[in-house]
Every structure is written in C-alpha cells, then in structure tokens.
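Note sheet for the following structure.
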Amino acid sequence: MKHSFFFTDFALKSSSIQFDIWYIFFCFFFYDFSSKFQMSLIANIEQQRLSESTVCGTILRYIPITLLQSIKVPADYKQHVPNDEASVQLILSNSDNMLRMYGTAQELLLDLKIFQNFPLSHRRLGINPKEPYNKIPIVYRNTDGEAFMNKADAFCLVQNTIVFDSLNSFRLYFSMEAILLKSHEETIKGICEFFKFDGDCLPKLLNEFPKFHRNFLTQKSSTIREDWNYEKALKMFKAALPVYKEQEYSGFEKDLKAFFDSKSGNFHDVCIAFMSFADYMKSLILATPEMFLPYDKETNSNCPIVVRVFESHGAQFVMKCELFKAINIRNPDSKLLECKEIDGKLMTMSYDKVQRKYKDQIGNIEFLIYPIVRTGHKAVPIMTPSGGHCILAVDCLFEILNELIFGYNIFQKIGTGNQNMLCRFFIRMNTLFSSHHKSIFLVTLEEQDRRRAELIEFWRSFKNIPAKHVRDVAKNGFTVQNLKDQLKYLGLTETFPEIQDYAETVYSEVFSTKKEEFLRTCDMFKAVGKCLLNCIFKQFPMLHLFLHTQNSCYLFPKLNCALCISRNETQFKSTNWTEPHFKKTISTCSKADPENTYLCKIKLPDRTRLINNFYGVVNFFLWIFQFFGFISFSLATKTGFDVWSKFHKDKKDPCIRKTSPGDTQKTSVLAEAPERKKKASEDIQKTSRIEKQPAVEINQSKCCSKCLRTSEMCNEAKKELRSTQNRLEKYEKKAKRTDEVEIQMREMEAEMKKLKKEVKERESVVKKKDTEIVDLKRNMLKLEAKAAKMQLAEKNHSISQNELLEKITKLSDQLKMEKEKNKVMQCERIDELTSQLEHQKEIVQLMEREIQQNKDRLNSEICQKERGFEELRAALTIMSNEKESIQSENRNLRERIASIAEAPPTPPAPESPLEGPTHHRFALLGFQKIKDSLYHKKQLKQAKEMVEKMKSSTNLVEIHQMADYEYYQFEGRLLKYTKEVELNIQRIKETRDVSMVTPLPDSPEFSKRFVNLYWKIINNQSMTSSEIEVSDSECFICTEEMASDQKTLQCEECRKVTHFECASKWLKIHRSCPHCRREMLDPNEFPNLS
C-alpha cells in the first residue's frame, strides 16, 4: 500500500542569480515481510530529488578516497548542473577510468539515494544543517502486522507534510525550518527508539496545522514587529531554537546576512510562517511525547519498547545489547543483563534462540522486522541502540577488500615476492574478522574508519607503484575468454596463478545479474573483483571460515564450503581422534610474535591444546635469534631460513659477505643432512622432512668465531631433534599397541557378559522346549489328519490353477486390446478438450464483455440512485420549509386568538348558537385543520420509513437502539400534540371562549443528532464513537428533550440527567433523586463548593 503527498516545485530569481530548484517529495510505504522490500524502496526512491550538498556528502562516503582524488570538477560547474543526475554525470565525466565500475550516472544516483536513506543520515554524511531532510521515512511492521516508525523519521515526516505554498522567500524559510527540526532532534540523540505509527497520524497533521496557523494569525500576528534587521532576526531565531550551535549554523548566519543586504524578500512573512511553525512544533511535542521524546519511566512511559529482528538472506537475528536493554526495562525486578560493545563489535543472537531462552521475559516487547538493505557496492548503515551507526561484519570485510582491489590495486602491485606481507596484513585483520564468534556480528562505522586508516598506513609503500586499469568492453559485451585475458593483462595471474579457474563460474553469475542486453565495463569490474575474492578466501582459510560463521558462504559457490555441506566424520574413523566443532575451538598466537602463523595453538573443548609440527623448531630458532642477534646457518626445513626471511626481511645474514680475491679459504659449515623416513599414518600430521642443502662458504676471519660456535650448536640441536623424533615414533607405535590391547580387552569383557546372558537365556529356552514337545506330539496327530485333507485339496487346487492360467492369458490379450483402444480414445479426448478450451476461451471473452456491460449498467444505476438521493434531499428541504410555514401559521393563529377582544354582553332576547359571536369559530377551524392533517398519520409513516431505512443501512446494534428510541419519542410527541389539539377543540366547543385555549407544544420532529447521523449513514460517511453512543436525550422529570444549551443536573449515583430547573423544583419537595431515590439537595439552596 503506497501513499504519496506534496510534490512541490519552487524556483526563485534574485539579482541575476538562479537558485537551485528545490523539490520536497514525500512518500512512505508499508512492506509485507518479503523480498519485495528492496524493490518497493527502489520504486519509491527513484522519484526523490537530492540537493547538491547531499549528493557531494553521500559520494564522499560512498566512493573510496583514492578514487575521489582523480575527480577534477571545473570552477563553473554550477551552470551545468540543473538537477542531481546532471551533477553525478559531471563527476563521472571529470574523473579517471576507475569510476566506470559504478555504471551510468542514473545507476550511481539510484545507489546514492538508497545509501543515504537511513535515520540521522545527515549527521553521518556531514550534510549542512540548513539543508532540508532528503530521506524517505520508512514504516516497519512488527510480527503482528502493526506499523512503527523511527523517532528520527518523525521530524522528516513533519517537514514533508507541512508546506507553505504561497511563501515567496521559501529558501530562507526552509533553512530556518530545517535547523529548527534538527535542533528538536537533539532530544533523541544517543537513542534508537520507535513509535507506533497510526493511520490517522498524517490526516491529523494535515488538518490541525491550518487551524493552528489561522488562530496564530488572528491572535499573535499583530504582536510581531515589522522593522526587522539582521541582528533582530538572528536574536529571534536563536530564541526560538531549543539548542543553538554557532559553529554548525554559521552558514545560515551568512545566508541571513546576505538576505538583508540584498533586500530580496519580505522577512515579516517569513517570520510569521516560522513562528507559527515553531509554536505548532512545541504544542505537537507536548501533545505526542511518545512520538518525539525518548522513553522515560515517569514522564514518557507510553513509548513502545522495540527490538529489531534483522533479516539477511534467510537469517533472522537481534542485537544482544538492544534485546538486553528492552528486557531490563520490562523486567526491572529480575537480574540485569549486560552486553557491552567491545572493540567496535556488536554481537547478535538468533531470533529463534531469543524465543526459546527468554520467552518468559519478552511478552510485552515489540519485535520489528528490519530487512538489511544493500546497494551495488555498499551496505546501508544501521542505527545502533546508542544512536550511532553500524554494518554487518561481512559487509565491512567486502568494502575493505574492494578498496584494496580497485582503490589501491594491491593485488596487481604485490606480485609473488611480497606474499608474506599479504599474510601479515590478513593476520592483522583477523583480530576484527575473527572466525571464533559463534554468531553473526556487526561493526560500528567508527571502527571501520579506524581499520581503513590502518590499511592506508600499512600499504603506504605501494602507493607510487604503477598499475594497469581494467580495459573497456566492446559494445556486444565480453566472453569468458575475454575475462581470462583481462585477468592476465592486469597481472593477477602472477599473484594468484589459479585465478583463471574461477572465470567460468564468475562469468555465469555476472551474466545472470546483468541489467542491460549486453555485459558492460562495470560488469567486467564486478567479475574481476569476484575472481580475486574467490582466490583470497581460498588462500586464507581463516577468512573462509569467517564467511561460514557469518552465514555468507552462498556468495562463493565455487569454494564448496565443507562445513556448510557436512562435517568430515570419516577422516579419523580408524583412530581415537574425535573431531571437535570449529565453533568450540579457540586459536591463540604467540605474544612475542603474533603475526607468525607457525606459532599458533588451538584449544579444544576438553582443554587439550594442539600445535603444528613446526612449533618447537621455530621457538628454538627464535630463541637463538634473540640470544645472538644474528644467524649464520641455513637449516633445511620448511621453517628454517624461510621463516626468518618471511618475518624479518629487513635483517640480513652477517656471515654471508663479499670476499676478496685473496680470501680463498672457505669452509663448509653444514653438511648434507640425511632424510627422514616417511611415516605412513594418516591420522597424525607429518613432521617436516629435512631437505638437502648446499654447503655455505664463509670467511674464516676473527669475526666468524661466534658463527662457528652457533653452527656447532645447531648440529647438536639437529642430532637431538633426530633422536627425539625417533623416540616419538617408537612411543607412538607403543601407544598405538597399548590402545589396541585395551580395546581388545574391553571387547573381550563385553563378549563374556554377552555369553553369560546367552547361557541363562538358553536354560530358560530348554525348559520351554520340553513343554512345547509334549504339546507338539498332541498336535502331530491332529496335523496328520489335516494333512490327508490337504492332499485332497491340493489335487483340486492343481486343476483350478490350470484353469486360472488360461484365464490369465485371455485377460492379458484383452488388456492389450483395451490399451490400444484407450490410446485412440485419449487422442480423441485430447482433440475434444482442445476444442472445448477454445470454446471456453470464447465464452470467457463473452463473459468479459458482459461484465463490462454490467459495470456500465451499475454505473448508470448508481447515477440514478444518486439522483434519487438528491430528489429525496430536495423533498426533505421542501418538507422542512412546509413545517416552518405551518409553525409560522400556528404562531399567527395564536397571536390572532390572543388579540381578539372578548365578546360584548348579549341582549336578553334568546339567540341561537349559530347566530352568536364568530371569533371562536376561526380558532376552531384552525385546530380542526391541524387535526385533519394529523388524522391520516402521514408523519408517523414517514418517520417509520426513515427509521427502517437507517436500520437496513447498518448492522450496529447501538444505531438500531437509537433509531427505535427516536421513533418512540416521535410517536409520543405526535400523540401528545394531537391530544392537545383535541382538548382545545373540545374546550372551544363547550365554552366558546378562546381564552380557555392552552398553547400547543412544539410540532413533533426528530432530534438534530438523529438527522445528522441519518444522512451520514445514507451517504456512507465515517462516524465517531461519540455520535453512536446512546445517552439521555430527555429529562426524567418533565420527559421533554434536553437541548445542548440548557443547564442540566446529573445524579452522582445513577448518572441520570435532568433539567436543572426541574431538578430544583423536585428537590425542594422530595430531597432525593427521582430515579434511584438517593439523597440529594437543591443546588440553588446548597450550591457545590467545587
């Protein structure tokens, strides 16, 4: 469901300056907990317009700094940017070739719009406070389908619904309005809270503000001064703001000064509009604190306590700190739960686990479905519970890797000679992207910025090395071979020789997600980056394991994550080793050299520690390096000189020096070391083999005496190593044998227990068999008799079998015939069905035509009914006019009757009754006419028809009761009116005296409340609860209807309402309520003190 409001276009010309066109566009939507959320957001956000400063601020955060350095925008760029798309196109056309990875200007602009659409984005992107909000407020739904909105979006909602269309100096007013809203926004700084978004919220804002503005104009506009200058205007503006920040609002002060210097507008109109909006904002915040103010147990306890359920590729999880905060608020008596932010990480918990573990504590907490939104190159930031912003750790890793690939071109510059530097970098990154977290976690943007600064510092030495760029793609796209050639051209095959193996799978992925008919250059960038990421995660298993723990293995199907498919349970089947789960292991590195991967230990759940076979050797060599400060030997193992050269590139071997021609004496320090025998076991890691090394020539000078000593020590260490290795092999064999013997002993004991059980079972079986044998002998005799009978039956059965075989052959022949017939019938049936389908299609077309005709008829009938309603309304107006004329006639009659003088005294002569005075006859004729008009009861019939029509239009019981009540009241008033007319006629006939006539009551009619409700129901208009509510409409004492302007008195016990005067007369006599008989006093004698 989508609503859109206010698309207002303004332009202002002043002193040959064409200001930018401002667009205020507002649209919000509800999403239905599906993947359509991203598409719904894109469909609404495409029509949004961004200001120039918003585009610049978003680009600075969206594109890496290294790529932005190549942009060279001309000085007169404002003349060429009529809108936001033109400004993005200007940036792309004035940059180098690397920005081609973002596609066209339209695609990049859409990504920028999606990226900046998050709460409090103006703070993160550094947008000027005087700029209006550019984001679209988003409505989220909880698990029950109720709508909620972030409190930060409430200010954007107010800005986009309240617009002054007739204001001339709109630019200045918008700046003042934006700063006012962002100043009020300071009240929710440091929190992330939501409010319940009602369907009546927007109509309420749209209806209330015009009324408030009109009242403001009538009451306070005259008090506003007209002699404005810069100092007075600035002072007024500061007084209206809750918080004023001089540094942030300095730009607005310059604009205000320029406004008064140029004399381009009327500040009095701007001031009236701004003061009206500021006063309305204060009243709105006081009326709805749960919408604009943070939760407080005492002053603002109606705010809902919300926990967001994040959705990312099928996974649902919540932030622990947000969940624990909500549980602590809702359960103050229970133990406080704590979860702190450590090193910029925000831990999460799966939604299913929350439902299981805290089901008794989350009953009154709202869980909002919060999908994570991503653009083509970045993830949209998420608000943290403390008011900051964060993203998923996986998204943070991909952004850093993409910056390495395309921003710094590290994998082109590093080659094969600096692989160890790459290892050191990823070991350092492992502190943040650790694979030992058991759940998905998020990283704050501050931590991401800190890591990016470390990245720049680490790779600073590679900055000036030249690198090749991705070449443009032909108009008809590119193929797999083109992708392989591109990888080779960039020099990536030197760093990763296997990179071309991923080209086919990556090409198919990119081809399936292409946006146009042919693949483009931006798709080539995407494919190159994808191939590099595959190689990185393949070469560094810890990063691959991190992907698995963060539920992101689906992004790289070529890697074939073994942990996602199944655990390796058969590799160590023939050993005593039990493979632990990777999430239950903890890896630690050496404190002395944390970047050395050979010094890594793994702690298992049972507290045992695992080390690799190089651990002792490397520790020994490192001890020698620290003790002597240099090395003069080369050990033929994988961790000898290789480890030294990897982690200490800046040091050189002091013994290997250039020799003079005279120095001919050279000695061989190390001899060829014998090779170890290969070990055949599969369940234990193999120790590294000692390879043959050539003899190293050294200068036998005085300086090398220490080197000779160290070489001797190394030889001794080698011998000790060999002996210890041999001992280890022996001990391992013995340990295996003892383990096998123990296993055999346990198996023998288990077999003995089984045999004892079998012996006992056999003894019980033998006893049972003895009893069974006796029974079998008895049964044998019976069976022999049965056998004879069975033989006779078998003979008869063999005869019947032959007959059955003959029948089966006949039936098989019949089946074949029937199958052929069925085939023919099926073909005929298919033809019939096709003809029927065509016939049904024709019928459907006819039905559609009939439906269209019926629609036209219904429309005509609706028009006729509307005309009938209009005629009824006209008839009602005529009837009301007639009623008024009758009432005026009645008044005239009363006045004439009252004005006629009494008859003169009659003479003594007898006179007939017809020849007497005639003034009473006029009154009698008037009353007789009224009686005749009431004789046929037309008014009662019309009232009955109105009541029945009102009942048939609705099913509400309250309205039915009210209609019946009004009808009975109307009938009673009509009866009272007719009786009064008949009494007057009788009095005139008996006395022939007009002075004895009593005045008639008001003519019977329905109450105004009933008539208003009747027309609302007939016209299908909305009704409030107060209109439907049934209440006392007549006095309990005099039984006459109570008007709204009459003074009434209500009993405190039974709540019965009566006329104040009637109650006063009654209480002077009885001193009790006429309905419940509770004691009451006359309000005139004893007025209420309150």
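The values are calculated or read from the model by the stated rules, or taken from the named source; none is laboratory data. Nothing here was measured: the structure is a model prediction, and the numbers come from that model. Don't worry about glycine lacking a Cβ; one is built from the backbone with ideal geometry, like all the others, and counts go over all protein chains shown.
What to note about this one:
- From the list 348, 375, 431, the lone residue that is in contact with a helix residue (DSSP H, G or I) (Cβ under 6 Å, 6 or more places away or on another chain) and β-branched (Val, Ile, Thr) is 375.
- Matching entry among 210, 203, 132 (being under 26 Å from residue 49 (Cα atoms) and either surrounded by 22 or more Cβ atoms within 10 Å (Cβ to Cβ) or without any contact (Cβ under 8 Å) to a residue 24 or more places away in the chain (or both)): 203
- Candidate set from the stretch 906-934 (those that are closer than 18 Å to residue 991 by Cβ and polar (S, T, N, Q)); member that is modelled with the lowest pLDDT: 912
- Those residues of the stretch 457-483 which are part of a helix (DSSP H, G or I) and either in contact (Cβ under 8 Å) with a residue 40 or more places away in the chain or not basic (Lys, Arg) (or both), in sequence order: 457, 458, 461, 462, 480, 481, 482, 483
- Candidates 775, 813, 770, 739, filtered to the one that is in contact (Cβ under 8 Å) with a residue 60 or more places away in the chain, of a type outside the set (Ser, Thr, Tyr) and out of contact with any helix residue (DSSP H, G or I) (no Cβ under 7 Å at 6 or more places or on another chain): 739
- Lone unmet requirement of (1) at pLDDT below 90; (2) crowded, with 18+ Cβ neighbours inside 10 Å for residue 369: (1)
- Residue count for the stretch 940-960 satisfying the condition of being over 15 Å from residue 1011 (Cα atoms) and assigned to a helix (DSSP H, G or I): 5.
- Across the stretch 1051-1072, the qualifying residues are those that are in contact with an Asp or Glu (Cβ under 6 Å, 6 or more places away or on another chain) and not β-branched (Val, Ile, Thr), and the one among them that is surrounded by the most Cβ atoms within 10 Å (Cβ to Cβ) is 1067.
- Residue that is surrounded by the fewest Cβ atoms within 10 Å (Cβ to Cβ) [pool: residues in the stretch 546-561 that are in a helix (DSSP H, G or I) and either touching a Gly at 6+ places or on another chain (Cβ under 6 Å) or hydroxyl-bearing (Ser, Thr, Tyr) (or both)]: 554
- Residue match in the stretch 322-337 (condition: in a helix (DSSP H, G or I) and among the β-branched types (Val, Ile, Thr)): yes
- Failed item in (1) touching a residue at least 60 places away in the same chain (Cβ under 8 Å); (2) over 53 Å from the mean Cα position of the chain (by Cα), with residue 869 passing the rest: (2)
- Residue that is surrounded by the most Cβ atoms within 10 Å (Cβ to Cβ), among those in the stretch 943-965 that are within 17 Å of residue 1004 (Cα to Cα) and without any contact (Cβ under 8 Å) to a residue 24 or more places away in the chain: 947
- For residue 1044, the criteria (1) assigned by TED's automatic domain parsing to the domain that holds residue 1066; (2) modelled with pLDDT of 80 or more; (3) part of a loop (DSSP other than H, G, I, E, B) hold in every case but one, which is (2).
- Residue in the stretch 359-367 that is in a strand (DSSP E or B) and of a type in the set (Phe, Trp, Tyr) present: yes
- Applying the condition of being among the small types (Gly, Ala, Ser) and at pLDDT below 90 to the stretch 454-487 and asking which residue is surrounded by the fewest Cβ atoms within 10 Å (Cβ to Cβ) yields 461.
- For the stretch 72-116, filtering for residues that are part of a helix (DSSP H, G or I) and either at pLDDT 75 or above or not basic (Lys, Arg) (or both) leaves 30.
- Among the residues of the stretch 509-564, those identified as of a type in the set (Val, Ile, Thr) and within 16 Å of residue 399 (Cα to Cα) are 528, 536.
- Residue within the stretch 376-392 that is of a type outside the set (Asp, Glu) and part of a helix (DSSP H, G or I) present: no
- Any hit, the stretch 436-443, residues being modelled with pLDDT of 90 or more, under 30 Å from residue 124 (Cα atoms), of a type in the set (Val, Ile, Thr) and assigned to a loop (DSSP other than H, G, I, E, B): yes
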